[in-house]
Amino acid sequence: MEITHVVCIPFQKDLGSCKAYVGFVIDDAILLSNCLLVQHGDGVYHLRFPQVVTPYGISEIFHPLNNEARDALTKAAVMTYEKEKQK
């Protein structure tokens, strides 16, 4: 899996732990948008993936199948977020 493009839109207002919306292009073929970058109290970042509410509860529309993919997406999101904050 190659992350070929990352878009990060930091929130202008302080929304607590929610820091930005993030979108990814993977392998120049798949668009993953509306991910939420969250920072926990201990400073660790986490990505929340798009969800849909069904009669049976909340279900993620997309999620990584392994920790390697989750870590790569999170790292790319945090790096882009930090660059956007400096602008």
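The calculated Kirkwood hydrodynamic radius for the chain is 13.6 Å, given to one decimal from all distinct C-alpha pairs. Among Thr74, Thr4, Thr54, sorting on how many other beta-carbon atoms sit within 10 Å of each Cβ, with the fewest leading, yields Thr54, Thr4, Thr74. Dipole magnitude for the chain: about 360 debye, using +1 per Lys or Arg Cβ and -1 per Asp or Glu Cβ, origin at the Cα centre.
All of the numbers you see were taken from the coordinates with simple rules; none came from a lab. Keep in mind that what you see is a predicted model, and the values were worked out from it rather than measured. Virtual Cβ from ideal backbone geometry, glycine too; neighbours counted across all protein chains shown.
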